[in-house]
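Heads up: the structure comes next, in structure tokens.
What follows is calculated from the coordinates using simple rules that are stated; it is not laboratory data. These numbers were taken from a predicted model, which means no experiment stands behind them. Positions of Cβ are generated from backbone atoms using ideal geometry, with glycine treated the same way; all protein chains shown enter the neighbour counts.
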Amino acid sequence: MPQILIVEDEPDIGELIRFHVMREGFDAVVIRSGRLAWQEINRNPPRLVILDLMLPDMDGLEICRRMKLERRTRGVPILIVSAKGGEADIVAGLELGADDYVTKPFSPNVLMARMRNLLRRAEAAGLGDDADRSVMTVAGESLVIDLDRHTVVVEGRPVELTRSEFEILRCLVSRPGFVRTREQIIAAMHGDNVVLTSRTVDVHITAVRRKLGELGSLIKTVRGVGYRLDECAAESTP
Ligand code: CA
């Protein structure tokens, strides 16, 4: 069973990725056809899929869609590798359930860091779902979110968030380091009796950032895609 399945039709790129994956100590197989890749994933689910989106016979988005429909492949992390300028496809991929992405041309170190991160998270999810936790913390304990009580504490100081703002923050904090598209954020706010648009999300984000004070800078805008909570930014802030 390949640990890491690389779906990439450009041979040089496929080999480059394989080289780096194997150097990380994982078995890796490159498949150049989307159709064959899906057959292989379905027959023999790998630990993670590195997925190019533009493929000759079955595109990467279709593979994402099929993987998330099937119970046995649903939990396999998907890391998209897509051409720059393909934001619409990246957004579509994330909404179909892909976990992260890098754009071409990519830094192999960044790609490997994202891969290790996803593998670590998949393992943690197998041990106990983050969704069960009632208290989430960010940047040490600078930001503490209590999901049962709906309270947020920033640097020891309670902060009042509206329900929408709270749901947005929960959505971002539940997957630190990962991009959330505006559609995903809107979905997370489901149940709010307000008509939600991308613009509304942006307005709420601005409010959340302001209320979090200095920690507001942890919420990064990912141009053309959505938002991400970046915990590392906190550590680099003096
Ligand atoms: Ca391609």
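Length gained on full extension, residue 19 to residue 137, computed as 0.36 nm times the residue gap minus the Cα-Cα distance: 38.8 nm. Only alpha carbons enter this Debye calculation for the chain, each as an equal point scatterer, and the log10 of I(q)/I(0) it gives at q = 0.15 Å⁻¹ is -1.05. The sum of -39500 (n - 2.57) across all DSSP H runs of n ≥ 4, divided by the residue count of the chain, sets its helix-only mean residue ellipticity at 222 nm to -13000 deg cm²/dmol.
What the pair-distance distribution of the stretch 130-237 shows, using all Cα-Cα distances binned every 5 Å from zero, is 2, 13, 26, 27, 21, 10, 2, 0 percent. Against the chain, whose longest principal axis is taken from its Cα atoms, helix 11-23 shows a tilt of about 70°.
Here the 3J(HN,Hα) profile of the stretch 83-97, calculated from phi with Karplus coefficients 6.51, -1.76 and 1.60 at θ = phi - 60°, is 4, 4, x, x, 4, 4, 5, 5, 4, 4, x, 5, 6, 7, x Hz, Gly and Pro shown as x.
Placing a label point 7 Å from the Cα of residue 183 along the Cα-to-Cβ direction, the residues of the stretch 25-69 whose backbone N falls under 13 Å of that point are 61-62, 65. Under 18 Å of direct C-alpha separation, and excluding same-chain neighbours fewer than eight residues apart, residue 104 reaches these aspartates and glutamates: 8, 9, 10, 12, 15, 52, 59, 87, 89. Extending 7 Å from the Cα toward the beta-carbon at both residue 3 and residue 95 defines two label points whose distance is 3.5 nm.
Close amide H contacts of residue 57 (hydrogens built in the peptide plane, cut-off under 5 Å, sequence separation of 5 or more or a different chain): 34, 35. Label reach from residue 57 (point 7 Å along Cα→C-beta): in the stretch 1-32, amide nitrogens under 14 Å belong to 8-9, 31-32.
So for the chain: antiparallel DSSP bridges make up what percent, rounded to the nearest 5?
Around 50 percent antiparallel, to the nearest 5.
Considering only beta bridges that DSSP places wholly inside the stretch 130-237, some 95 percent are antiparallel. Dividing the C-alpha radius of gyration of the stretch 4-126 by 2.2 N^0.38 Å, with N its residue count, gives 0.94.
Amide H contacts for residue 104 (H built 1.01 Å from N in the peptide plane; partners 5 or more residues away or on another chain; cut-off under 5 Å): 82, 83, 84. For residue 147, the residues whose modelled amide H falls within less than 5 Å of its own, excluding neighbours fewer than 5 places apart on the same chain, are 135, 136. How much FRET efficiency would the formula 1/(1 + (r/R0)^6) give for residue 88 and residue 33, where r is the Cβ-Cβ distance and R0 is 25 Å, rounded to 0.05? The pair residue 88/residue 33 has a calculated efficiency of 0.60.
Placing a pseudo-label 7 Å from each Cα along the Cα-to-Cβ vector at residue 70 and residue 12 gives an inter-label distance of 3.2 nm.
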